[in-house]
1. Which FRET efficiency value, to the nearest 0.05, is calculated for A:ILE26 and A:GLN234 with the Förster distance at 35 angstrom and r the Cβ-Cβ distance?
2. What is the packing order of peptides A:78-87, A:250-259, taking the mean over residues of other C-beta atoms within 10 Å and listing the highest first?
3. To the nearest Å, what is the center-to-center distance of the stretch B:22-65 and the stretch A:1-32, using C-alpha atoms only?
4. Sorted from fewest to most neighbouring beta carbons within 10 Å, what does the list B:PHE160, A:PHE262, A:PHE216, B:PHE235 look like?
5. Hey, got the average number of other protein chain Cβ atoms within 10 angstrom for residues in B:98-106?
6. I want to verify a result. In a Gaussian network model of chain B, Cα cutoff 10 Å, which of these has the top mean-square fluctuation: B:LEU80, B:LEU147, B:LEU48?
7. Is there a simple number for the mean count of other chain Cβ atoms within 10 Å of the Cβ of residues in A:137-149, and what is it?
8. List the pairs from B:LYS40/B:LYS106; A:LYS147/B:LYS45; B:LYS67/B:LYS143; B:LYS9/B:LYS143; A:LYS130/B:LYS40 whose alpha-carbon separation is above 26 Å, in the order I gave them.
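Read-outs throughout are calculated quantities, based only on the coordinates presented, and are distinct from any laboratory measurement. From a predicted model like this one, the values you see are computed outputs, not experimental measurements. Neighbour counts are summed over all protein chains in view; Cβ atoms, including those assigned to glycine, are modelled from backbone coordinates with ideal geometry.
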Amino acid sequence: MRDAPSLPVRALAGLGGAVLGLLAMIGRVTLFALSFFRHLLTPPFYGREFVVALGSIGWLSLPVVGMTAFFTGGALALQIYAGGSRFDAQAVVPQIVALGMVRELGPVLVGLMIAARVTSSIAAEIATMKVTEQIDALVTLSTHPMKYLTVPRVLAGLIVVPLLVGLGDVIGILGGFTVGVKSLGFNPAVYIRNTWDFLEPLDVISSLVKGVAFGFISTLMGCYAGMRSGRGAQGVGEATKSSVESASVLILTANFILTGVFFSV
Amino acid sequence: MIQLENLQKSFGPHKVLAGVDLTVPQGRSMVIIGGSGSGKSVLLKCILGLETPDGGRILVDGQDATKGDRDAFLARFGMLFQGAALFDSLPVWQNVAFRLLRGALKRPKAEAREIAIEKLRRVGLSPDVADKFPAELSGGMQKRVGLARAIAAEPQIIFFDEPTTGLDPIMAGVIDDLIREITAEMGATALTITHDMGSVRAIADEVAMLHGGKIRWSGPVAELDASGDPYVEQFITGSATGPIAALR
């Protein structure tokens, strides 16, 4: 009889198993994404489902995105003012708020809010459909689940999340403006001019590109986790949790990579 | 006609279908009986392509079901799922007319709605149900809507997965009668899986028993009680003692 493996060997085996599991998941997600593009480019298209997805991902996310951006912009203005006063740099509040919101906080916060609100909702809905055999029913009704469920949602995410990011940027700057003018004594016209003059086209472009990437990640991961859901309520719960976890981590990773691509010196 | 030849399917080490041979003649109603977990649902899913068999052949009117145009193949089928599997986000009439609102069988919306209401009427539901959502209906009503959806596109072959599970005996009888009447009216080939012996006697022309991954016995429903097979006898009498192991 062979001896039981030693602790280091077991630890190494565990690590190897985890790495293999991660690689397998990356492979499955990549295949899922490729399948999305293949189905996106071939008919039939489900216009009604696309319009519904636009509404639920875009329109219904406006309140949470708007409030998050506004209060973050306001808090950012207070922090920069307080921090800047240590080295007599309070005047840069409009510029830093604009730069911080447009380049970084706007896209990331909107992305994470979409992951919390939309990814979880998509994953739970599709997972429930799977558990209750609605996905099987779609197939028997000659309707491909990828075309009917995934393509409309991911396409809507690709279109609407950059718009939400753009809006979040503006509302965030508005939050900073409100705090700057009402609490910190900035002149409104000067605040707006400093914001406008300081921002460059690349700042806005990077923000919107991040929005496209985050929209794709958040909706795709929701659909992926839902489609791969296990059985029962536990399966739906696990799918929902893993969709938000993976979307959030991927959004932050993509943000780091895109920031490097746009602004590395 | 549906022919299964040496159909095999395993999940990991667990062999669910271990060489199933079965023929369902055209226009006949075949009921497959068997205990929970015996592979009845997997069998249906293999025929529909929802599961990929590990081996064997599935022939529908002589054509290999795994080859050729998938949409054209599925367009010949209707299916009533165990839990009805209605789409929560769509009103009842759009569930029923799902196939008529998109794809190759697409019709104008008003016509599709009219057909849906007609099918709802056929399964004993009034037109005012059409605009409700599935969550607003009782289990029996959901089953009827599922049945209406299964027959909406006039399929040649209809599958019924545990059609009476979870229903009270009276509603189960109503569903059984509807299945019998509708399949006879349409001249459809029907394949039902159930362990409800009341349903078996109400629906079946032919019965097959699936046990241990294989068809243990098959024959006309009239011969079921005199099958001479100890497995079938234990199953139809519901006895805890016999060759089929019962967990206590």
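1. Values: r = 25 Å, r/R0 = 0.71.
About 0.90, to the nearest 0.05.
2. Details: A:78-87: 13.8, A:250-259: 16.2.
For the peptides A:78-87, A:250-259, the packing ranking is A:250-259, A:78-87.
3. Cα centres, the stretch B:22-65 to the stretch A:1-32: 38 Å.
4. A:PHE262, A:PHE216, B:PHE235, B:PHE160
5. The mean count of partner-chain Cβ atoms within 10 Å per residue comes to 3.
6. B:LEU48
7. Working: counts 14, 3, 7, 16, 17, 14, 6, 2, 0, 0, 0, 2, 0.
That average works out to 6.
8. From the list (B:LYS40/B:LYS106; A:LYS147/B:LYS45; B:LYS67/B:LYS143; B:LYS9/B:LYS143; A:LYS130/B:LYS40), the Cα-Cα distance tops 26 Å for B:LYS40/B:LYS106; B:LYS67/B:LYS143; B:LYS9/B:LYS143.
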